[in-house]
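Every read-out reported here was derived from the displayed coordinates using simple, explicitly stated rules and does not represent laboratory data. Keep in mind that what you see is a predicted model, and the values were worked out from it rather than measured. Counting neighbours? That spans all protein chains shown, and the Cβs are built from the backbone with ideal geometry, glycine included.
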Amino acid sequence: MQRRHFLATTLAACSVPLVHAQSPLPPGPIRIVVGFPPGGGTDVMARVMAQKLSVIWGTPVTVENKTGAGGVIAAEYVAKQPGDGTTLLMTNISNHAIAPALYPSLPYVVERDFTPIVLVGITPNLLICNTSQPARTLKDVVALCRSRPGAITFGSSGAGASQHLATELFKLRANVDALHVPYRGSAPMLTDLIGGQINYSFETMTSATPHVASGKLLAIAQTRPQRSKAQPNVPTVAELGYPGFDASTWYGLAGPARMPPAMVQRMNEDFNKVLSMPDVAEKLASYGAEDGGGSAAKFVDFIAVEKEKWAKVVKDAKVTV
């Protein structure tokens with residue numbers, strides 16, 4: 001009797017570390033790598049997620065910024081990390097959908113080198129300017145660009161970023177010429193836009209919203225087919241004479257290739273829990289981030305559609321970097 005009790009107790013004790021060892025989550029701290037400086041849309045989204053995940057997982061989840069090349073440097077870095085879940089990428093339209101068409105020798109292949117986990121949200125870009133600009137409607141901006149071909153400046157967070165390609169799509173659809181000015185992130189670009197060093201930007205709503213709310217910048221138009229709930233009074237480019245115009249920015253979480261399926265499933269479930277938290281949902285909605293969540297498979301399909309769409313824009317606009 002005593003021997004059976006001893007064996008049962010021993011097996012029960014051994015089962016505790018066994019369950020821990022089989023946990024689908026990484027055993028240690030986790031990094032979310034962002035390809036843009038602090039203060040930009042991708043960085044803001046990453047920090048919202050990291051704060052909540054640290055609590056849910058009971059381990060530090062930190063944000064690490066590796067800037068440059070429209071997010072490509074960060075993506076390349078994450079692609080080379082082990083698929084153990086300790087290093088994730090807050091990816092976005094720039095490095096996962098635009099870069100494959102823009103860079104002839106991209107150091108990674110999206111489908112081969114990454115594990116998509118969840119789509120965090122889709123936001124419009126806002127066509128913005130400082131309050132001293134004389135052309136403050138879309139019609140007037142088009143007229144200004146036509147009157148001064150190649151002289152009106154549009155800033156972006158970097159060559160190949162969503163703001164850059166939104167500008168190129170606008171130039172195609174409006175049949176105008178304008179000068180793209182790339183920066184190393186949204187924060188320095190916005191500083192120059194507010195200061196009048198550049199004229200306009202199709203900035204992400206996430207980054208632009210605080211400056212529009214403070215009155216430092218003016219929102220002229222937004223770039224999803226329907227108006228965002230966060231900016232219901234700002235008309236869309238589509239409704240202002242360019243039907244079908246859609247230059248959205250999106251954010252998602254991905255890891256390196258070869259992540260265990262059970263880990264991907266668990267992370268996807270927890271990411272969806274975070275996205276459904278009222279305070280997180282409210283914060284993302286305030287930045288115009290909508291339509292996030294869903295399965296990892298949904299995110300895979302979404303990336304494929306976006307890649308095809310922006311490859312056509314790169315080709316038609318003859319974009320080079």
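Measuring nothing but how far apart in sequence close Cα pairs (under 8 Å, 6+ apart) lie, relative to its length, segment 125-222 scores a relative contact order of 46 percent. Taken about its Cα centre, the chain carries a charge dipole of about 160 debye when Lys and Arg each add +1 at the Cβ and Asp and Glu each add -1 at the Cβ.
Running a GNM on the chain with Cα contacts under 10 Å, which residue among 120, 72, 142 ends up with the highest mean-square fluctuation? Largest GNM mean-square fluctuation: 142.
Using unit Cβ charges (K, R positive; D, E negative) and no other charged atoms, how large, in debye to the nearest 20, is the dipole of segment 125-222 about its Cα centre?
Its charge dipole is roughly 160 debye.
Annotation: extensible slack from residue 229 through residue 177 equals 15.6 nm (criterion: 0.36 nm per residue apart, minus Cα-Cα distance). The Cα center of segment 63-79 and the Cα center of segment 43-59 differ in position by 19 Å.
Computed extension gain for residue 147 through residue 66, at 0.36 nm per residue and net of the alpha carbon distance, reaches 25.2 nm. For the chain, averaging the sequence separation of C-alpha pairs within contact (under 8 Å, six or more residues apart) and dividing by the residue count gives a relative contact order of 26 percent. Dimensions of segment 125-222 based on its C-alpha atoms, expressed as ranges along the principal axes with the largest first, amount to 31, 27, 22 Å.
Just checking the listed ones, 28, 71, 121: in the Gaussian network model of the chain with Cα springs under 10 Å, the one fluctuating most is 28.
Calculated mean residue ellipticity, 222 nm, the chain: -13500 deg cm²/dmol, from DSSP H runs (n ≥ 4) at -39500 (n - 2.57) each, averaged per residue and rounded to 500.
In a fully extended conformation the segment linking residue 312 and residue 84 would gain 78.6 nm over its present Cα-Cα distance, using 0.36 nm per residue.
Each listed q (0.06, 0.13 Å⁻¹) maps to a log10 I(q)/I(0) for the chain, found by the Debye formula over equal Cα scatterers with no solvent: -0.23, -0.89.
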